[in-house]
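Visitor: Structure below; questions to follow.
The values are calculated or read from the model by the stated rules, or taken from the named source; none is laboratory data. Nothing here was measured: the structure is a model prediction, and the numbers come from that model. Counting neighbours? That spans all protein chains shown, and the Cβs are built from the backbone with ideal geometry, glycine included.
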């Protein structure tokens, strides 16, 4: 039980904004928080390099698409820094600085948000290949499996 709790709490802690984190944050006309997407200082699988306000970050394509859609909805999006006691805006108008085309994506923001990431496609492709191997090697079809009896 303790191991499960520690594992669960560490996973949850990874999703909670920490001091030093950078986020694209959307706020409505009254300044109320609408939503956010984390942006990263280091590269990782599925991320694209983007430059906002002369600083390099790594973002998901869905983050760039989300930024565009949020501004089209009339919300204000800016990069904000978690300094441990709140959020400090550090970069305005990210939608004007990085577009999907800039990171090599030729689909519309709506298509990117509705679609699946390339990493997800390849993972599904691997699972399909594994399933085909097991389906094609049923062995003695007369006996079948326990579940087909």
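Visitor: Could you please let me know if residue 86 is modelled with pLDDT under 95, under 17 Å from residue 26 (Cα atoms) and out of contact with any strand residue (DSSP E or B) (no Cβ under 7 Å at 6 or more places or on another chain)?
Guide: Values: modelled with pLDDT under 95: yes; under 17 Å from residue 26 (Cα atoms): yes; out of contact with any strand residue (DSSP E or B) (no Cβ under 7 Å at 6 or more places or on another chain): yes.
Criteria met by residue 86.
Visitor: Conditions first: (1) under 14 Å from residue 60 (Cα atoms); (2) modelled with pLDDT under 95. Residue 148 passes all but one, so which condition is the exception?
Guide: (1)
Visitor: Given the residues 95, 117, which is the only one that is surrounded by 13 or more Cβ atoms within 10 Å (Cβ to Cβ) and modelled with pLDDT under 80? Spell out the reasoning first.
Guide: Values: 95 fails: modelled with pLDDT under 80.
Unique residue meeting the criteria: 117.
Visitor: Out of the range 26-39, which residues are more than 14 Å from the chain's Cα centre (by Cα) and at negative phi?
Guide: At the first step, the residues of the range 26-39 found to be more than 14 Å from the chain's Cα centre (by Cα) are 26-34.
Answer for the range 26-39, where residues must be more than 14 Å from the chain's Cα centre (by Cα) and at negative phi: 26, 27, 28, 29, 30, 32, 33, 34.
Visitor: Could I ask something else about it? Take residue 79 and tell me if it is surrounded by fewer than 16 Cβ atoms within 10 Å (Cβ to Cβ), modelled with pLDDT of 95 or more and in contact with a strand residue (DSSP E or B) (Cβ under 6 Å, 6 or more places away or on another chain).
Guide: Values: surrounded by fewer than 16 Cβ atoms within 10 Å (Cβ to Cβ): no; modelled with pLDDT of 95 or more: yes; in contact with a strand residue (DSSP E or B) (Cβ under 6 Å, 6 or more places away or on another chain): yes.
When the stated conditions are applied, residue 79 does not pass them.
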